[in-house]
Structures are given as structure tokens and as C-alpha cells.
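Read the structure below first, then the notes.
The values are calculated or read from the model by the stated rules, or taken from the named source; none is laboratory data. Please read these numbers as outputs of a predicted model, since none were measured by experiment. Here Cβ is always computed from backbone atoms with ideal geometry, including for glycine, and neighbour counts include all displayed protein chains.
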């Protein structure tokens, strides 16, 4: 009977130790996720502000360049000048749109958290096997 009680205590102690470790790991992972969420938010805000600045200054410079080109070549062909400038501006917009899509597609969010969770899963699978 006493061996059964000792075994039961060991099992209870081991279970408590396992639960504490599991909670510590969970807490650690949640903290990592919170840090990465903060980094992602800051990255997004910085990217949006830079994109807004690029858009404003790009628009102003394109307007000035367009006006200068139109004034210079107005005598040659008003419709031709405007058409060529429209195609150039549209091509630039399409190129930037593709670059933005590629940038968004290639960025992996929360990569450190996901890697750590994968390692935890593999470690747990090894321990249980």
C-alpha cells in the first residue's frame, strides 16, 4: 500500500512539474507573439507613412514634369504629348503595383513564433514517442 502511495506522489509531482513547464512555455510563446505583433504593427505604420510620403512627393514631381513636357512639346502635337505621358505614368503605376504586391506576398509575419511552435511540437512528439 505504501509503494502505491509513493508512486502516486511521484506521479502527482511529475504531473505538476510538467504542468508548470507547459505553462511556462505557453507564457513564453505568448510573450514572443506579443513582441512580434508589436513589431508588425510598427513595421506596417512605418511602411504606410513612407508610402504616403512617396505618393505625395511623387505626385508633385510628376505634375511638375508633366507640365514642363506639355509646355515644351505643345507645338509639336498636344494630343500626342498627353497620350505619351499617360502611357508613361500608367506604366510606372503598374510597375509599382507589382512591386508592392511582391513585397506583401514575400513577407512572412510572426515567423519566429511559428518556428518556435514547430520546435515545441517536434520536441513534444519526441518526448511522447
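A few notes on this one:
- Scanning the stretch 68-83 turns up no residue that is under 30 Å from residue 104 (Cβ atoms), touching a residue at least 12 places away in the same chain (Cβ under 8 Å) and surrounded by 11 or more Cβ atoms within 10 Å (Cβ to Cβ).
- The conditions of being within 21 Å of the chain's Cα centre (by Cα) and modelled with pLDDT of 85 or more are not met by residue 67.
- Total residues in the stretch 15-27 satisfying the condition of being surrounded by 11 or more Cβ atoms within 10 Å (Cβ to Cβ) and free of Cβ contacts under 8 Å to residues at least 12 places away in the same chain: the figure is 3.
- Near pairs, Cβ below 9 angstrom, 6+ apart or cross-chain, from the stretch 28-44 (farther than 14 Å from residue 120 by Cβ) to any residue that is part of a helix (DSSP H, G or I) and modelled with pLDDT of 85 or more: none
- Any hit, the stretch 106-124, residues being under 30 Å from residue 59 (Cα atoms), surrounded by fewer than 10 Cβ atoms within 10 Å (Cβ to Cβ) and either free of Cβ contacts under 8 Å to residues at least 12 places away in the same chain or out of contact with any helix residue (DSSP H, G or I) (no Cβ under 6 Å at 6 or more places or on another chain) (or both): yes
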